[in-house]
Amino acid sequence: MANTDAEGRLVLGDALAWADATLDPDVLLDVATLTGAASLGLGKQHAALYATDPRLAGAIETAAAESGEPVWSMPLVEDYADAVRSTVADLRHVPIDPKQGGGSITAALFLREFVGARTWAHLDIAGPARSTADKHEVTEGATGFGARLLLRYLAALR
């Protein structure tokens, strides 16, 4: 393993591949505290949103605005896809070059490899997953970020 602090994306990749193969969903949507890079770029208030379909991204952005759980749409930069290729396996869970940058993007590109042709979105909630102080309805500690957003998203599907 190239980075033992990035083991969660290996488990999440397995879960996404299993869901794709076994459940046959219309959409795959995952929420994870995947990278510190997302919180470095976006701070503690916004989750990074990666999506393979602009309509899904728009629906999630609408649900985010309505739920008070803000997201920032991020690009799946194809030029970075080679960063997760490996010489000894199909993929690497972290780029070979630690100076590559775009850690949240390359992590999302890694996960995308496990969803097949499914419409997919990933919320990297590393920043807003924990609060250091009480603020409005969020108390200090784990925030449950994404729960209200997902409920809004699902309610809009009816």
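The values are calculated or read from the model by the stated rules, or taken from the named source; none is laboratory data. Quick caveat, the model's predicted, so the values are computed rather than measured. Positions of Cβ are backbone-derived with ideal geometry, glycine not excepted, and every protein chain shown enters the neighbour counts. Accessible surface areas use protein heavy atoms only, side chains included; no ligands, DNA or RNA. Shrake-Rupley method; radii C 1.70, N 1.55, O 1.52, S 1.80 Å.
Of everything in region 106-128, what is out of contact with any Asp or Glu (no Cβ under 6 Å at 6 or more places or on another chain) and surrounded by fewer than 19 Cβ atoms within 10 Å (Cβ to Cβ)? Give them in sequence order.
Glu113, Ala117
Just checking, which of Ala133, Ala117 is at pLDDT 85 or above, out of contact with any Lys or Arg (no Cβ under 6 Å at 6 or more places or on another chain) and of a type outside the set (D, E, K, R)?
Criteria check complete, one pass: Ala117.
Pick from region 1-30 the residues that are part of a helix (DSSP H, G or I), modelled with pLDDT under 85 and not acidic (Asp, Glu): which of them is farthest from Thr87 (Cα to Cα)?
Gly8
Can you tell me which of (1) open to solvent by less than 80 Å² (accessible area, probe 1.4 Å); (2) farther than 15 Å from Gly103 by Cβ; (3) modelled with pLDDT of 95 or more; (4) touching a helix residue (DSSP H, G or I) at 6+ places or on another chain (Cβ under 9 Å) is the one Tyr50 doesn't meet?
(2)
Kindly indicate the residue of region 71-105 that is open to solvent by 80 Å² or more (accessible area, probe 1.4 Å) and at pLDDT 75 or above and also nearest to Leu56 (Cα to Cα) among those meeting that condition.
Among those residues, the one meeting the criterion is Trp72.
If you scan region 132-146, which residues turn out to be closer than 20 Å to Leu49 by Cβ and either loosely packed, with under 10 Cβ neighbours inside 10 Å or touching a residue at least 24 places away in the same chain (Cβ under 8 Å) (or both)?
Once the filter is applied, which keeps residues that are closer than 20 Å to Leu49 by Cβ and either loosely packed, with under 10 Cβ neighbours inside 10 Å or touching a residue at least 24 places away in the same chain (Cβ under 8 Å) (or both), region 132-146 yields Phe145, Gly146.
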